[in-house]
Amino acid sequence: MQAETLKAALSRLRAAVAACAPALKERARQYALLMRLNKPIGIFLLLWPALWALWIAGAGRPDAWVVTVFVLGVVLMRSAGCVINDYADRDIDRHVARTRERPITAGKVAPKEALLLFAVLCLLAFGLVLTMNPLTVKLSFIGVLLAVTYPFAKRYTHLPQVHLGAAFGWAVPMAYAAQTGAISNTGWLLFIATLLWATVYDTMYAMVDREDDMKIGVKSTAILFGELDRFIIGLLQLTFFAVLLIVGRQAHLGLLYYLGIAAAMGFALYHQYLIRTREPAQCFKAFLNNNWIGLAVFAGIVLHYWQGGSV
């Protein structure tokens, strides 16, 4: 009798789980969309500078656990950044063609759910950071502050892209601190380079939404630069590469690194070609293609150390 009762209970439990499965699957899908896991470009754009810093700080042999923490941390914090961004923009997104179907503004994820998800992601990332040294832990608080405040910057300044650059670039001093226990001048130069690069690609991204943003009063560098947008982007690109050349000299990087920089410059010229007519789809394509700049620079760094780090 007891065996039959247990069997019946297990059968009801299986039926209940089967009934709930579709709803749970859909909820997980909406959370994944909210975290932009279906669009990993942001993960790569955040990850490349962290990897640049780790490989240079570690002279080509960064600590394996530190690398693991930063890779996982990048995924978690980029996801958290997307969640808090959509929470902050939930009343704005419905007025922009590209964003009106995002989970919060479309009513598929409640704002309170989003805040809870953001908190969980930040706690998971902080748990990883706690395995690092005290300086890295202290720096992580600044990183969270930059990530939380970024979504609101567009309401008060035309430079939210610079704010994003600081948020993305903060992975660099954290990487140096985790790998070496200090932040060298080279580390700060890489931070500046990342800030410049992020301002470039996020301005291209803002060019996609410029018309909608102007209608609803959202600020951006794309609006601030106006007809000088391509020219100013070009100046920022040149400054970015100039800083990377200085990094190469300070870190005693050799020919393969500079070949990587040359390849990255080729991609930057291609991006200027893509945005020449300011057509939104082409501007978005240029934004996405910035991933190859990050890869080219990283490849140059890795190849330099792989071939023995000779000058």
*Between residue 211 and residue 11, what is the spin-label point distance in nm, taking each point 7 Å from the Cα along the Cα→C-beta axis?*
6.2 nm
*What distance in nm separates the simple spin-label points at residue 24 and residue 307, each placed 7 Å from Cα in the Cβ direction?*
5.3 nm
_What are the ³J(HN,Hα) couplings of the range 45-62, residue after residue, when phi is run through the Karplus curve with 6.51, -1.76, 1.60 and θ = phi - 60°? Round to Hz, x for glycine and proline._
5, 7, 6, 4, x, 4, 5, 3, 5, 5, 6, 6, 4, x, 6, x, 10, x
*Kindly express, to the nearest 10 degrees and within the range 0 to 90, the angle between helix 111-129's C-alpha long axis and the longest C-alpha principal axis of the chain.*
60 degrees
*Considering the options 300, 130, 253, tell which one lies farthest towards the positive end of the dipole of the chain, charges being +1 on Lys and Arg and -1 on Asp and Glu at the Cβ, about the Cα centre.*
130
_Assigned charges on the beta-carbon of Lys, Arg, Asp, Glu; the range 40-306 dipole about Cα centre (debye)_ = 40 debye
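On alpha-carbon atoms, Rg over Rh for the range 40-306 using Kirkwood Rh?
0.97
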*asked:* Rg over Rh of the range 125-240, using C-alpha atoms and the Kirkwood radius, what does it come to?
replied: 1.05
_Need one number: nm distance between label points at residue 273 and residue 149, each 7 Å from Cα along Cα→Cβ, rounded to one decimal._
4.0 nm
*Taking K and R as +1 and D and E as -1, what net charge do the other residues with C-beta under 15 Å from the C-beta of residue 213 add up to?*
+1
*Among 41, 70, 57 the positive-end extreme of the charge dipole of the range 27-98 (Cβ point charges)*: 41
_Using +1 at the C-beta of Lys and Arg and -1 at the C-beta of Asp and Glu, which of 106, 168, 284 has the Cα lying farthest in the positive direction of the dipole of the chain?_
106
*Return one number: the angle in degrees, 0 to 90 and rounded to the nearest 10, between the long axis of the Cα atoms of helix 255-274 and the longest principal axis of the Cα atoms of the chain.*
70 degrees
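Computed from the coordinates by the stated procedures, all read-outs in this text should not be read as laboratory data. Remember, predicted model here, so these are calculated numbers, not experimental data. With ideal geometry, Cβ positions are generated from the backbone for all residues, glycine too; neighbour counts draw on all protein chains shown.
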